[in-house]
Amino acid sequence: MTAEIDDHTLSIPAERQALLRPALEWLARKAEPVAITLGAILAGTALFSLFILSVGKSPADLYRFIYTGGFGSWFSIQNSLSRASPLLLTALCVALPARLGLVIIGGEGAVVLGGVAAAAIALPIAGLWPPIIVLILMAFAGMVIGGIWIGLAGFLRHYRGVNETISSLLLAYIAIALMNQFVEGPLRDPASLNKPSTTPLPHDYMLGKIPGMDVHWGLVIGIVACIVSWILIEMTSYGFAARIAGGNVRAAQIQGLPVGRLIAGFTAIAGGFAGLAGMIEVAAVQGSANASLAAGYGYTGILVAFLARHNPLAIIPVAFLLGGIDASGGLIQRRMGLPDATVLVLQGTLFIVILFCETFYGRFKIFNPDLWKRSA
């Protein structure tokens, strides 16, 4: 009996290890993107600090002003949240096609055309129809035009073999040219002299602010869009099919998955979100369509999506972080005498480091359970 008890006692650690191993493997796989992303951010800020030192400024002061301008007060936080609102949607324009292995960087085109479409449909009915109906129609118009524009890049990729990265970027430049043509031509308000724009929306037709906050409802729309996108990708057969196609297109085709429809569908949904961002800029910020629609939200959304590892839920905090950095640009300009574009240089540095750190995935033993088994 004593021998049996001793044998059983000695086997307990091995049993516990067997029970804990699946949990440890899951934790290691989830921790890898977080650790590498945080490491990339630290490396990027360190590299940017060298640039700040080279122009004779203090990196400590710079990061202190970034914190103060973006997150140091309730006013700063609200400003950061407002700037994060369009980034939530433009980041989805990158993240959703990325699940299919596509790199879409032309979301800016969908933003500007979505804003123009929203303003155009509101012109003849604002003041005649109820505000809620007009806003819904504006959102629908922005999403449809944005979806068609980015969906065109997906269509060209699958059916004509055109690289989606190049085509989406070129389509963005075409979209900006079309926006200028419409705003300075048939849709121009005669009263807009120095800055051509469409007729401003009546105040009652603007997208209001969240009660108790100086932040418009676009923030809530963006968060809901991220949650819905996560559900679409992770909890539906449509999202599962997209992940399979993104892992191996040939295998997906052999299994009979409609790869062409998946590519066209996901790029259209992604473009729809970017077009919705343009509509929100018109209905909540600008009040009309003008050149300010091309504010670079589509390009910043690329960085947000890559920092979030194309995870729609992770996009929410990352967009807030990037929104805060962007909000601090004015304070940095006033207090340190640096150009307002300094924050753009910081964002570009982070993006380059993030791309470089992609090469480290799967190389660290602590995050790779397959290497545990080989070394065991």
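Bear in mind these aren't lab numbers, they're just calculated from the coordinates by the rules spelled out. Since we're looking at a predicted model, the values are computed, not measured. Ideal geometry is used to build each Cβ from the backbone, glycine not excepted, and the neighbour counts take in all protein chains shown.
Some observations on this one:
- Among S82, F360, T198 the positive-end extreme of the charge dipole of the chain (Cβ point charges): F360
- Charge dipole magnitude, Cβ of K and R +1, D and E -1 - the chain, Cα centre, debye nearest 20: 500 debye
- Of the residues G265, V116, L322, the one whose Cα sits farthest towards the positive end of the charge dipole of region 83-328 is G265 (charges of +1 on Lys and Arg Cβ, -1 on Asp and Glu Cβ, taken about the Cα centre).
- Under 19 Å from the R250 label point (7 Å along Cα→beta-carbon), backbone N, region 91-130: 100-102
- Convex hull volume per residue in cubic angstrom - Cα atoms of region 77-231: 142 Å³
- For region 227-376: rounded, prolate or oblate by the Cα gyration tensor [a/c cutoff 1.5]: oblate
- Contact order relative to length of region 156-294, as percent, for alpha carbon pairs under 8 angstrom and 6 or more apart: 29 percent
- Among E108, E358, the order by Cβ neighbours within 10 angstrom, fewest to most, reads E358, E108.
- Extending 7 Å from Cα along the Cβ direction at S192 and again at I174 yields two label points whose distance is 2.3 nm.
- Among V94, V259, the ranking by other beta carbons within 10 Å of each residue's beta carbon, starting with the fewest, stands as V259, V94.
- Rounded to the nearest angstrom and listed largest first, the equivalent-ellipsoid semi-axes of region 63-137 from its Cα gyration tensor are 30, 23, 10.
- Over the chain, relative contact order from alpha-carbon pairs under 8 Å, at least 6 apart, %: 33 percent
- Difference of contour (0.36 nm per residue) and Cα-Cα distance, L313 to M336: 4.8 nm
- The chain: projected area of the alpha-carbon convex hull, averaged over directions, in nm²: 26.3 nm²
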